[in-house]
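A short worksheet on the structure shown next.
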Amino acid sequence: MRVFGIDVIKGSVRSRTRRPMYALVKLEGNEITSETEVSAFRLFRVLSSERPDILAVDSLQEIAVDQHDLFSFLQALPPSVRLVQVTGGERKESLAKVASRFNISFNRFDPFDEARTIARVAALGAGAEVIAFENTSEVVVSRHRSPGKGGWSQNRYVRKIHGAVQQKGREIEMQLVADNLKYDKKETRAFGGCSRVSFQVFAPRDQVPVTTYRGADVQVRITGKKLDRIRFRPLTGKPRYLVVGIDPGTTTAIAALDLEGNLLHLESSRQMSMSGVIEALYRVGKPLVVASDVHEMPYSVEKIKRAFSGVAYSPRQDMSVETKMGLSAPYRYQNDHERDALAAALDAYRTYRNKFQNLVKRVPPGVDLEEVKAGIIRGLSLDQVLTEMREKPAPAGSEVPAVEIDVKTDERVRILDGMVKRLRALVQDLQGDLQKRDQQIQRLESRIQKIRSQHERKVRLDTEITRRDVIIQNLKKRFRKEERVIQALKRRIARMKEFDEALLAGETVPLKVLPSLTREGIKSLDDEMGIREEDLLYVHRIEGWGKNAVKDLAVAGVLGVVVGRPEGEFPDPSLAAVFLEIGLPLLTSWEVGAVVKGKLGVADPALIRNALSHFREAERETEKEKKRRMLEHIFQEYRSERGKEMKRIG
């Protein structure tokens, strides 16, 4: 057997910056062949090339962050490699405790020493195998590259790829048929062949005669069907040895300890028969010592001892209540019967514990201490136990020796024989009833299947109708919204047409009414009628005006802005200054003879030309005034600097 043991040297799978590095130890038989430091990528390369029997770890947290990551890790492993967690499955133990069972010591601060220990205990059968996939595999054959848009030879190129996928699918199907494996096949037809062929094979991944493949045109991917949750299967099915204490009577109580004195099971019941006791103990482990709390072992306890071929233990004299309470004080029990059974098991373990004290020093490393302890309890010497374990004799008891019984002289056997006949007749009757029940169950299941199919068709139909209704409602809402947009656009076109007709008439100049001299007002007018170059705008109110709004109008290239004012009254001087600075004409309604009705107005063309000429003259005067003030400012600065210079010279 080839076992690889790994342990983290540095880094972690949870870190994005420091990826883990592992100490890898290869064990073949009982010898370590190599030790090296590898990354996760290098580890998979080694596993794929050498394919050991077992990859052993002490904790799954060292190779995967969560269950999803663990599924990915197991999927990437070669199918023949088993992942084993040596510290146990659902109930984990420390690596030191597992190693102590085989009398192995190690330096827990040395990753390579830990990896050696992990490999050795895995080879000796410690730990549990990680099971993540069902006995079903999926083989998918698909294109390895996309056909793309293509050119003159596109059809020939597509036929080549799809034909290669179909051919590869047929080859895999022939391999499955040759190995007599059951499977379900599904093809996706495409131009020239198939774009995808999938097989659901009812066999584990390691039994599927197909390997992952990537070619120029085709790729093959093999995946196992995931279980709902990760499961663990003990690497060896050997049960644990138990020290059992039994208190028989109306209320039967049982207590089971392992060979290290840990309490594994404590139970009591009034309905528990001897067969029930045997079944309960069999679920926990294999009783090696069967103990009683009285000197004379009861017959029922003796029967259980013989059922397991165990070693009987009874105290030299009946145990007192004080002794029982003292032994069972550290444990919790429900009644006196459980206390008596627990005290009997603890007394037996205490007797044998003294024999186990020197075993650790005398037993060589790599030997199962539980087997050694079991041999000592059965009365063998340490040398005899070690010799038997080295020779590994075949398990005894495979053949049951024949026992001659005189039926004529044994009345009890005769009675039992008659009872067996009656029970056989009863079994036949029950089997007939069971067959009838099975037939009735099949009929009911077929009926349920029909009803379920009808219900599923109805549910699919209702779901489709509901989906269509939702689509219709959404389309109606969208249609109503589009109708509103169309009506608004029609009104805007009508107003713009009316404005253009007035503009073409030439007798008057049309005005577009601006709600307010703000950006919101400008946007509202632009959405409703549009603002074009050489448009003349009329505004009733200038409250809340902003310089940015005036700049937007200047950028739009409008002819000017007419402000509604009584005759002889001018707008705010600050507003007029902003218009002069930007170069956008600001006119008053009485200057241009504006008449406004609703959202449109008209003005006299001659008055408009006159007002615009006045604005341009004012603009030129303003520009001259700016230049004059600038020259005066330059002259004043020159005089000041000249005076300072003359003072320095004087």
Only one of F615, F579 is in contact with a Pro (Cβ under 6 Å, 6 or more places away or on another chain) and within 19 Å of A554 (Cβ to Cβ). Can you tell me which? F615
Please tell me if L430 is modelled with pLDDT of 75 or more, aliphatic (A, V, I, L, M) and more than 49 Å from the chain's Cα centre (by Cα). no
Do the conditions hold for Y282, that is, is it over 40 Å from the mean Cα position of the chain (by Cα), of a type in the set (F, W, Y) and modelled with pLDDT of 85 or more? no
Residue satisfying all of: in the range 78-103; more than 25 Å from the chain's Cα centre (by Cα) and at pLDDT below 80; farthest from L235 (Cα to Cα) among these: N103
Would you point out which residue out of A216, A203 is assigned to a loop (DSSP other than H, G, I, E, B) and within 26 Å of the chain's Cα centre (by Cα)? A203
Out of the strands (runs of 3 or more DSSP E) lying entirely within the range 560-601, which hold 2 or more residues that are within 21 Å of G546 (Cβ to Cβ)? 560-563, 586-588
In the set V25, V3, the lone residue that is in contact with a Lys or Arg (Cβ under 6 Å, 6 or more places away or on another chain), buried (at least 20 other Cβ atoms within 10 Å of the Cβ) and in a strand (DSSP E or B) is V25
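Okay, residues lined up against (1) among the charged types (D, E, K, R); (2) not assigned by TED's automatic domain parsing to the domain that holds T212:
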site: L74; (1), (2): no, yes
site: P79; (1), (2): no, yes
site: V84; (1), (2): no, yes
site: K97; (1), (2): yes, yes
site: N103; (1), (2): no, yes
site: N107; (1), (2): no, yes
site: A119; (1), (2): no, yes
site: V165; (1), (2): no, no
site: M174; (1), (2): no, no
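The values are calculated or read from the model by the stated rules, or taken from the named source; none is laboratory data. Quick caveat: nothing in here was measured; it's all calculated off a predicted structure. Virtual Cβ from ideal backbone geometry, glycine too; neighbours counted across all protein chains shown.
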